[in-house]
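Notes for the one structure printed next.
What follows is calculated from the coordinates using simple rules that are stated; it is not laboratory data. All values reported here derive from a predicted model rather than from experimental measurement. A quick note on method: Cβ atoms are made from the backbone with ideal geometry, for glycine too, and the neighbour counts reach across all protein chains shown.
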Amino acid sequence: MSFSGVSPVRSCLLMLFIHMSAPVEAKTVPGAPARTRRARLQPPGGAESIPLDLTPVKAKADDFLAQLENLAQSLYTCSSHKLDEDMRLQFLKNDSVTCNDGSPAGYYIRESKSSKRWLLLLEGGWYCFSKHSCDYRMKTTRALMSSSPWPQTRKGTKYRCNFLLFFLLDFPATLKEENQQWENTQAFLPYCSSDLWSGTKPKTEDSGYAFMGSLIIKEVVNELLSKGLDKAKVLLLAGISAGGVGVLVNVDRVEEQLRSQGHQGVQVRGLSDSGWILQTEQYKQGDCTHVLSCGPNDMVKIGFRYWGAAVPEVCRQSYIGAEWNCFFGPIIYPTIKSPTFVVRWLFDQAQMTISNVDMTGGVITEGQWNYMHSIGQETKTTVQHALAVFAPACLAHELITRTYWMSVQVGGTSLPKALHCWERSLQDKNGMRSCPLHLVDHCLWLNCNPTCPDIYDQPTGREMNAIQFLKQMGLKELKISKRQG
């Protein structure tokens, strides 16, 4: 197919329509449901993955076409090489707020002068909670403890384009509003505090490390106010993994920070991906000599003191003497005032790891299999309290920055549609009553959702469906069938 003589934007628009009307590519595994491999629009009775809400666009076809052309422009921009270096590193002006090693903390930003929507994304990457574990972390993943290895620019495509759709799906009523809506400012906060974004502790001779994650967020927000955040309508504080925990711990603090400085007009929201930690006993008790052997309870107890962690005041007052409980999703979520959307796999791989369920090779026992499903059940039970949640029954970790984030569905609803509904419901609480906001899979065995991503097996480097993975782990088909009923 040739597009010679056609502008890049119109080419992209044409490709957008082709994509919307193209048949779904599927891969069928013998004995397993067909799984969708590509996002598609909803045919009658089908599943929708990129919902275009056309209700505000009733008056003129020209307006609708103009809006679609702008969408094409944004999608084209996402695919262009201009994004290779569109986010530039800014070190904090307050040099007393640092990374673990004392190097300056900072953030990457792509600015839009007319932006009314701002995205702050907190990076993830585990943690450390002792001199020994932090020394090891410094040797193996220095960029998560020091800004010295950080490049001056970062590619924005991975984060910007995924979230671009979230900001753009809410078509405004007029082209003037629409043009402002389509431009948004994104700030990416690299993780270099190793404290689940909670610490307030400067570097000491005893530990040799600073833990200032909470203060880094505070300083970034202060600096962004001078870059236009003070004129924003919406600030979305999003985070993945450890960054997802950081959202739960900091979203109300950010709202209070803006309000106390006279910026009540900025609506602060949270999006926590894979930060919903469960307060579970380990499958096999670890000794906490390193990060991966330390269970959730012991980890946050030790970390809370070591980091000088700050938790929200409402939660802290409810757990005086045991404030570390405020790191657990089911405990802190009911105390959060800011609207917060929770994304959580029912079978989160990080939760399995800190629970000492070894899935790196060898044979998985029936006991491990049952334990994994108890995690799924507990996740399902605890997220019922969340007002807005997306929880597929898959074995994975993180979603919003994955390439398949638009393909995974719960009850026929994709995450983009759920986020869109959530966004609209916050603007019009009466107009979106039928909008799906509480999406939790009903099935409770591993990867029973046909849209789950394949499982990546680290030892072999293979991607496998659930049945292939469990066969490799040595669990007999009979036991699998018995568990699945």
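Loop only per DSSP, at most 14 neighbouring Cβ atoms within 10 Å: give me the trypsin sites (Lys or Arg not before Pro) in region 362-443, ordered by residue number. Of the trypsin sites (Lys or Arg not before Pro), the ones in loops of region 362-443 whose Cβ has at most 14 other Cβ atoms within 10 Å are 429, 433.
What is the sum of charges around residue 100, taking Lys and Arg as +1, Asp and Glu as -1, for the other residues whose C-beta is under 13 Å from the C-beta of residue 100?
Within the 13 Å Cβ shell, the charges total +3.
Residues of region 321-354 with an amide N closer than 19 Å to a point placed 7 Å from the Cα of residue 256 along the Cα-to-Cβ direction: 321-329, 331-340. Spin-label model, residue 305 to residue 203: label points 7 Å out along the Cα-to-beta-carbon direction sit 2.5 nm apart.
A simple packing score, the average count of other Cβ atoms within 10 Å per residue, orders the peptides 235-244, 279-288, 297-306 as 235-244, 297-306, 279-288, with the highest score first.
Fewest neighbouring Cβ atoms within 10 Å first, the residues 354, 216 line up as 354, 216. Neighbour counts of other Cβ atoms within 10 Å put 348, 101, 135 in the fewest-to-most order 135, 101, 348.
Arranged from fewest to most other beta-carbon atoms within 10 Å of their beta carbon, 440, 314, 254 become 314, 440, 254. When both bridge partners sit in region 89-343, DSSP labels roughly 25% of those beta bridges antiparallel. Using R0 = 56 Å, the C-beta based FRET efficiency linking residue 377 and residue 91 works out to 0.80. Each 10 Å bin from 0 upward holds the following percent of the Cα-Cα pairs of region 254-391: 11, 35, 35, 14, 4, 1. Taking the square roots of five times each eigenvalue of the Cα gyration tensor of region 89-343, the equivalent ellipsoid has semi-axes of 31, 21, 17 Å, listed largest first.
For the pair residue 226 and residue 152, a Förster radius of 22 Å applied to the C-beta separation gives a FRET efficiency near 0.55, rounded to the nearest 0.05. Cα-Cα over 32 Å: which of 139/337; 93/233; 201/417; 116/380; 116/155; 113/337? As for pairs spanning more than 32 Å Cα to Cα, those are 139/337; 201/417; 116/380. Placing pseudo-labels 7 Å out from each Cα toward the beta carbon at residue 143 and residue 426 gives an inter-label distance of 3.0 nm.
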